[in-house]
Amino acid sequence: MAENLASVILVGRPNVGKSTLFNRLIGSNRAITHDMPGVTRDRLQGVVRQPGIQPYEIVDTGGVTLDAGAAPAEGPAGIRGFEKDILAQADAAMQSASAIAFVVDAQAGLTPQDQYLAELVRKKNLPVLCVVNKVDGQEKEDEKLADFYSLGFPLLAVSAEHGYNIRALRDDLAQLLPERGEVELAEPVLKLAMLGRPNAGKSSLINALSGDDRLIVSDVAGTTRDSVDVRFEWRGQEYVFVDTAGIRRRTKITDNIEKFSVNSAIKSSTKADITVLVLDIVEGVSQQDKRLVDLLVTRKIPFFILLNKSDLLSPDELKKKKKEISELFSFCKYVPILEVSAQSGLGLNRILPLAKEIKRECGMRVGTGQLNRAMQEVLARHQPPATRRVRPRFFYMTQAESEPPTFVFFVSDADAVPPAYVRYLEGALRHIFRIRHAPIRIHLRSSHKKR
Ligand code: GDP
């Protein structure tokens, strides 16, 4: 590590394309190969450089296929077929890395080996990007990514072989790394609102995340500390849960009654950057929960859903429930749904990074050039349909100065553009600008001329 750079390690089972990816990432920079004493595998290190980002080191340890004579790791089916020392090496290399690029193969889909490795990766408590390799065209991209959402990592589709999305990959990996420099710029406090029915586990989750029993779960009136906001630090970033008074203020009588005020819930969420809706996975989704989701979606409030108490279900039941709930919320596929357990700690490490990522997406600014190219691209892929033989003309698009991202199309006749086409525009823009989980707005304005 000559320049003392932060390093990103590539982790993935054999044949997912790590070596090709490694070479793509470093571009013309030659890889340095270290023959580590006592170890037969090569550890590849190279430096990733791209204008506008801090250079960083990329490390590939086990892009090596099995030796005929090597002993495969024993154990559950998930890890059979890994070579023990490859696992050990990857594990050791992760210790010294600042971030992990977890590589999977879109053609093969999610395998038990991926799941096993993902578990190891998760335990490292480092920022992770899941790189979905071998996506060779944009057509099926969403479909291919869908397989890997359950891992809970942010995803990026790439093709190492065809060079698709490699620039974006370099950017995204750089984003995972801590800023270098003498003065660490403190990020603004990220404000979170925790919503959900009584007993869903909001207090338990807040306690678990803030590492403090601030919100006393077994409720005795008058014993709780009276802070309305719970402020805490996690991995160097400050967070605050706003409006927690409403969470604690409940009596035994209202417990278990399916009742909470949707309006005051929405009010809390307007004080926060990101809203977290907690559902008890055993209880499922109530009418209020649905109404709340509807409102959050129509009001373009950035949020995600936690299915808490996952520890109470078997893996099969969990899968079934998750599927049911996802189907119920299929009208807002952009909203992430995570299975967690305040009790066992399952999935808790994914909550705050996800909140941060959605916040980042909410603040995304797209340059004029990129906007124009995007508009040409979406129009070329699908023309707006003609009504009464007149096809609405699209002149240009802009991004309004607001959060979440708001895109305004100037068109010859806004009323002549059908809602289905607006939905198409939304999907296409999400794809092009890679806004995965934040709400976005599309406005159409009638105009007579090009800018
Ligand atoms: P709140 O009303 O949403 O704040 O819910 P609480 O945090 O007070 O939790 C309600 C009950 O559910 C308490 O008895 C918790 O111990 C229990 N609970 C919370 N989270 C979990 C979890 O992940 N698993 C299990 N098994 N119980 C949980």
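Rule-based calculations on the coordinates, nothing more; no lab input. Computed from a predicted model, the values in this text were never measured in an experiment. Cβ sites come from the backbone with ideal geometry, for glycine too, and all protein chains shown count toward neighbours.
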Can you put V230, V411 in order of Cβ neighbours within 10 angstrom, beginning with the fewest?
V411, V230
So if I place +1 on the C-beta of Lys and Arg and -1 on the C-beta of Asp and Glu, and nothing else carries charge, what would the dipole magnitude of region 303-355 be about its Cα centre? I want it in debye, nearest 20.
100 debye
Convex hull volume of region 254-325 per residue (C-alpha atoms, cubic angstrom):
99 Å³
Counting Lys and Arg as +1 and Asp and Glu as -1, what is the net charge of the other residues whose Cβ lies under 15 Å from the Cβ of L151?
+3
Nitroxide proxy distance, nm - points 7 Å out along Cα→Cβ at Q175 and D142
1.9 nm
Extension gain from E238 to H162, taking 0.36 nm per residue of separation minus the Cα-Cα distance
23.4 nm
Between R441 and D316, Cβ-based FRET efficiency (R0 51 Å, step 0.05) works out to 0.80
Cβ neighbours within 10 Å, averaged per peptide: list 145-151, 100-106, 416-422 in order, most packed at the top.
100-106, 145-151, 416-422
Would you grab the residues whose amide H sits under 5 Å from the one on Y396? Only those 5+ places off in sequence or on another chain, please, with H modelled 1.01 Å from N.
F410
Pop out the ³J(HN,Hα) list for region 114-124 in order, Karplus 6.51 cos²θ - 1.76 cosθ + 1.60 with θ = phi - 60°, rounded to Hz; leave Gly and Pro as x.
4, 5, 5, 5, 4, 5, 4, 4, 4, 5, 6
Residue separation times 0.36 nm, minus the C-alpha to C-alpha distance between R388 and S344: what's the value?
9.8 nm
